[in-house]
1. Take the alpha-carbon positions of the range A:4-123, form their convex hull, and give its projected area averaged over all directions (one quarter of the hull surface) in nm².
2. When only alpha-carbon atoms count, how far does the range B:212-280 stretch along each of its three principal axes, as whole angstroms with the largest first?
3. Averaged per residue, what accessible area in Å² does chain B show with a 1.4 Å probe, protein chains only?
4. Decide, for the range B:262-303, between rounded, prolate and oblate: order the square roots of the alpha carbon gyration tensor eigenvalues as a ≥ b ≥ c, take rounded if a/c falls under 1.5, and otherwise choose prolate if a/b is larger than b/c, else oblate.
5. Tally Lys and Arg at +1 and Asp and Glu at -1 over the other residues with C-beta under 13 Å from the C-beta of B:THR41: what net charge comes out?
6. Any number yet on Rg/Rh for the protein assembly as shown, C-alpha, Kirkwood?
7. Hey, what's the per residue convex hull volume over the C-alpha atoms of chain B, in cubic angstrom?
8. Rg(Cα) of the range B:85-138 divided by 2.2 N^0.38 Å?
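The values are calculated or read from the model by the stated rules, or taken from the named source; none is laboratory data. Just so you know, these numbers come straight off a predicted model, no measurement behind them. Heads up, the Cβs are rebuilt from the backbone with ideal geometry, glycines too, and the neighbour counts pull from every protein chain shown. With ligands, DNA and RNA removed, areas are computed over all heavy atoms of the protein, side chains included. Shrake-Rupley method; radii C 1.70, N 1.55, O 1.52, S 1.80 Å.
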Amino acid sequence: MKIVYVDDDEDLRDIVELALLSHGGFELQCSTDGASALALVEQWQPDAVLSDVHMAGMDGMALLAELQSNPATARIPLIFLTATTDRQKRAGMLALGARGIIDKPFDPRRLGEHLAEMVSGAS
Amino acid sequence: MQNDQLSGLLCIQQSVLASSGVLQQTYDIIVENHAVMPQATGAAIELIEGNMLRYAAVRDSRPEVKSMQLPLVGSLSGRAILTGATLICNDSETDDRVDLEACRRVGLRSMIVTPIPYRGANIGVLKFYSSEPGVFGDFDELVTQLLVGIIAAGLSQISETEALAMKGKLLEAVQLKQEFVSMVSHELKSPIAALLGALPLAEDALASGETATGQRLLAIAMRNAERMKRLVDDLMDVHAIDEGHLSLDLKNVELSEIVSTVLADLEPTARSKQLRFAVTQPQEPIRLNTDPNRLSQAIVNIVANAIRFSPIGGIISINMELSANQAVIRIDDQGPGIPEEFRDKLFTRFSRVAGDHAPGTPQGTGLGLFISQNILHELSGGIQLDSQYKSGARFIIRLPTEQHQAGRGSERGG
């Protein structure tokens with residue numbers, strides 16, 4: 001399963017990478033912000049995008065909107081990995097078309113399983 | 001004449017209603033209306049300021065009248081304020097309640113003064129005067145009281161506006177506090193997520209003999225525990241700043257020594273990006289009477305930012321000089337500079353520009369510049385961004401030198 005992970009936190013990128021690799025069955029590429037993720041997603045055509053919300057420059061919500069407006073990326077599901085507990089914001093993410101939300105902090109041993117379920121689950 | 005006066009009164013009422021509600025406009029409308037008191041050669045609104053009465057509005061072409069001040073005690077206006085009654089003086093030459101000298105100076109023979117009530121006290125008077133004796137009567141007393149009613153209404157409207165503004169400010173403060181708490185929790189969650197992510201993976205890696213991966217993950221955990229510590233330290237400082245008791249321990253120190261220590265501390269981080277510090281300083285040492293730890297903290301934040309935003313292999317210039325009794329420290333980097341739209345927010349809490357999460361450098365807490373600015377302010381100095389500088393970001397710190405500070409201290413004492 002090909003995943004693009006977008007987060008401006010270098011350490012979290014490392015952790016997600018190690019968590020998914022140790023789970024097995026994932027291929028991962030990372031971006032540090034929404035703008036560079038757009039090009040990567042369009043070119044690499046992953047099975048899903050996992051993204052932080054709170055990022056300087058183009059944030060997760062803007063990235064989601066951009067991906068959806070481009071026919072080449074519109075069908076690729078996006079899952080947010082976020083520390084946001086604000087109910088309204090979370091509802092907004094789903095209403096905008098996010099496939100799901102995984103909370104930060106997350107259990108790295110279960111991240112792969114959780115992600116695979118979300119990607120293959122609801123369509 | 002009475003009909004004309006009532007017309008004038010109506011005209012004033014309409015003008016005040018149509019005005020924007022600014023009190024000064026109301027004052028001006030009243031004193032400028034001639035019809036309401038046609039026999040008067042001038043009109044004024046005098047308000048208490050300390051133990052004097054100052055003209056808030058006046059209709060009189062003579063400059064000496066416009067700038068006039070009256071004593072509260074010994075003038076008819078003062079007496080009206082103290083007694084709360086409308087007072088008429090028919091001839092200033094024979095009336096011992098008036099300030100005769102002041103009346104002669106402006107050629108005033110008769111007047112009518114009515115106190116302006118506000119919240120149970122009188123805050124000033126409305127005064128009409130004439131160069132002729134005996135021109136004001138009972139009907140004029142009624143007119144002035146009606147006019148004062150218009151002013152009082154304006155005043156109570158202002159206090160309502162003030163109350164609304166106060167409420168708005170309070171709501172804003174509560175909202176800021178809530179935003180702050182939400183931002184702090186968010187900022188803490190990132191290192192916590194890294195810790196809780198890295199530690200179980202480190203455990204697994206070490207258990208399966210992948211020592212290198214385990215160590216890499218432990219380093220991540222360590223880095224993020226430190227990041228949490230930095231954030232908590234910064235939050236304590238922000239709290240101290242908010243409470244107004246940032247502790248200072250003043251000592252006589254040499255600026256270049258402080259800068260050297262700061263740069264030595266940051267050297268490993270700078271080296272990881274192959275950055276070089278270029279330091280210039282005058283031959284004569286710059287001595288300051290300051291808190292060396294707080295000043296170091298303020299400078300560390302600026303240099304750490306410079307490191308964070310510098311391109312690999314860049315130069316960070318630190319220039320110290322004496323200028324007009326001030327120690328000036330200029331810190332330049334070769335990074336992208338501060339985007340114009342961000343400059344207003346630069347010194348506010350949790351303000352961040354894109355690219356703050358540069359690899360290899362410790363992450364900022366978003367509080368650094370806010371803290372630095374407040375520390376420097378406490379140290380009687382300041383910091384600013386040089387917006388003219390185009391080759392990166394340039395921050396300029398200014399601090400009073402030892403001599404300058406000593407001078408100010410004795411001024412304060414005397």
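1. Details: hull surface 26.6 nm².
With every direction weighted equally, the projected area is 6.6 nm².
2. For the range B:212-280, the Cα extents along the three principal axes come out at 48, 36, 15 Å.
3. 51 Å²
4. Numbers: a/c = 3.34, a/b = 1.46, b/c = 2.28.
Oblate, because a/c is 1.5 or more while a/b does not exceed b/c.
5. Here the count lands on +2.
6. On the way: Rg = 35.3 Å, Rh = 29.5 Å.
Radius of gyration over Kirkwood radius for the protein assembly as shown works out to 1.20.
7. So the per-residue hull volume is 209 Å³.
8. 1.18
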